[in-house]
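Here is the structure we will look at, set down as structure tokens.
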Amino acid sequence: MGRDGGDDDEVPAHQVSVPGFEINRTEVTVGQYQRCVAAGKCLSPGTGPRCNWEVAGRGEHPVNCLAWEHAEAFCAWAGGALPTEAQWEFAARSGGKAQPYPWGELPADCQRAVMPDDKGPGCGQDATAPACSRPRGNSAHGLCDLSGNVWEWVADCWHKGYRGAPVDGSAWTTACKDPGRRVVRGSSFLNGTVDNLRAASRDSSPAAERYHSIGFRCVRVGP
């Protein structure tokens, strides 16, 4: 996990033992999240420019414009949890492989990721795309959009680097650099560069904010 010689927050590269887990193939979609709202277990996301909630034809797009606690509540309702940062990176490395992207070595582009290009955000669409619209960018396990489309909330709070991080795959929620921020992974349609679409790339966001560039997926451990 991590990358020596990379950004300061990616070091040191270190060995982590990640117990077996299941992870959503896709980022949670608007249609999936609607079912949680209808059940009275989730709050509605925000609406507005670039938000997918209450936009016709966006049912298969990733849900965005929701805070970290809203993502956490959905995963609990669905019988899981937000992934730990270690689980997320293990998945984004196609099972912990020493490769920069979910699909391998080739640099990120609009054939593999929903990202900005010379036509603008979202490969010129200025928006997210439906889940799994870039199958060339899938991981070896068939997971979609681990690079691009929307950043993804994970369980860990923000630390500037990995010194002192757990090595058992658990979430790092102590000694936080800023308890009000949570880690996001995978970059997005809006600000994904070739560099920050890498599996090792990290960032953070205020947990209470509802950005149009952030969504999530869930994991489940055990039977």
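A few points about this structure:
- Subset of region 48-77 (residues that are open to solvent by less than 20 Å² (accessible area, probe 1.4 Å) and part of a helix (DSSP H, G or I)): HIS70, ALA71, PHE74, CYS75
- Unique match (being at pLDDT below 95, of a type in the set (D, E, K, R), open to solvent by 60 Å² or more (accessible area, probe 1.4 Å) and not in a strand (DSSP E or B)) among ASP168, ASP195: ASP195
- Residues in region 94-138 that are on the phi > 0 side of the Ramachandran plot and either outside any loop (DSSP other than H, G, I, E, B) or touching a strand residue (DSSP E or B) at 6+ places or on another chain (Cβ under 9 Å) (or both): SER94, GLY104, GLY120, GLY122, CYS123, GLY124, ASP126.
- Residues being charged (D, E, K, R) and outside any loop (DSSP other than H, G, I, E, B) - total across region 139-165: 2
- Residue in region 79-90 that is more than 25 Å from THR174 (Cα to Cα) and either touching a residue at least 60 places away in the same chain (Cβ under 8 Å) or not polar (S, T, N, Q) (or both) present: no
- Scanning region 171-189 for residues that are part of a strand (DSSP E or B) and buried (at least 17 other Cβ atoms within 10 Å of the Cβ) yields a total of 5.
Listed here are the residues, each with its yes/no results for (1) among the hydroxyl-bearing types (Ser, Thr, Tyr); (2) under 17 Å from the mean Cα position of the chain (by Cα); (3) crowded, with 19+ Cβ neighbours inside 10 Å; (4) closer than 30 Å to LYS177 by Cα.
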site	(1), (2), (3), (4)
PHE90	no, yes, yes, yes
PRO100	no, yes, yes, yes
GLU105	no, no, no, no
VAL114	no, yes, yes, no
GLY137	no, yes, yes, no
HIS141	no, yes, no, no
CYS144	no, yes, yes, no
GLY148	no, yes, yes, yes
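- Scanning region 1-42 for residues that are open to solvent by 20 Å² or more (accessible area, probe 1.4 Å), part of a loop (DSSP other than H, G, I, E, B) and acidic (Asp, Glu) gives ASP4, ASP7.
The values are calculated or read from the model by the stated rules, or taken from the named source; none is laboratory data. These figures come from a predicted structure and were not determined experimentally. Note that each Cβ is placed from the backbone with ideal geometry, even for glycine, and that neighbours are counted across all protein chains shown. Quick note on the areas: whole protein, heavy atoms, side chains included, nothing else; ligands and nucleic acids left out. Shrake-Rupley method; radii C 1.70, N 1.55, O 1.52, S 1.80 Å.
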